[in-house]
Amino acid sequence: MLGYVSFASACVWLAARPSADSLWPALPALALAVTVLRSAPAALLSRAAPASSQGEALGALDAANSLGRVIAPLLIGCLFSSAGQRAALGACALLTLVGLGAL
């Protein structure tokens, strides 16, 4: 949960202050978010999945992560080009909070 809140907060901060100088205060929150969000899904999934299907579950998670790493930048890049930085970062924050709600 901490990673989601940290990432959403950094996105809101950067959307509200679209300048290079605003990136420096947001970096600690982004670093915390990356650290937590990269490891937490696999840990939670390995605890939830039965031992006999952990490999399958972790493989599906890895496939979903790979797909997300391809699609998300394309979609956010299109949004950035068409609607601007604030809309793109706002969408990132909103989608992050939707993901938090899904947990």
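Among residues belonging to the stretch 10-40 that are surrounded by 14 or more Cβ atoms within 10 Å (Cβ to Cβ) and touching a residue at least 40 places away in the same chain (Cβ under 8 Å), point out the one that is nearest to residue 59 (Cα to Cα).
11
Kindly indicate whether any position in the stretch 64-74 is charged (D, E, K, R) and surrounded by 12 or more Cβ atoms within 10 Å (Cβ to Cβ). Explain how you work it out, then say what you get.
Initial filter on the stretch 64-74 (charged (D, E, K, R)): 69.
This time we only want the ones that are surrounded by 12 or more Cβ atoms within 10 Å (Cβ to Cβ), so: none.
The answer is no; no qualifying residue exists.
Among residues belonging to the stretch 41-54 that are out of contact with any Leu (no Cβ under 9 Å at 6 or more places or on another chain) and of a type in the set (A, V, I, L, M, F, W, C), point out the one that is surrounded by the fewest Cβ atoms within 10 Å (Cβ to Cβ). Step through it out loud before you land on a result.
Here is the first cut: in the stretch 41-54, the ones out of contact with any Leu (no Cβ under 9 Å at 6 or more places or on another chain) are 43, 47-48, 50-53.
Then drop every residue that is not of a type in the set (A, V, I, L, M, F, W, C), which leaves 43, 48, 51.
On the way: 43: 9, 48: 9, 51: 7.
By that ranking, first place goes to 51.
Out of all the residues in the stretch 18-56, which are outside any helix (DSSP H, G or I) and modelled with pLDDT of 90 or more? Walk me through how you get there before you give the answer.
Filtering the stretch 18-56 down to residues outside any helix (DSSP H, G or I) leaves 18-19, 49-50.
The answer is 49, 50.
Could you please find all residues in the stretch 78-101 being open to solvent by less than 60 Å² (accessible area, probe 1.4 Å), closer than 12 Å to residue 11 by Cβ and aliphatic (A, V, I, L, M)?
Residues satisfying the conditions are 87, 88, 89, 91, 93.
The values are calculated or read from the model by the stated rules, or taken from the named source; none is laboratory data. Since we're looking at a predicted model, the values are computed, not measured. Here the Cβ is made from the backbone with ideal geometry for all residues, glycine too, and neighbour counts use every protein chain on show. These accessible areas exclude ligands, DNA and RNA; they are computed on the full protein's heavy atoms, side chains included. Shrake-Rupley method; radii C 1.70, N 1.55, O 1.52, S 1.80 Å.
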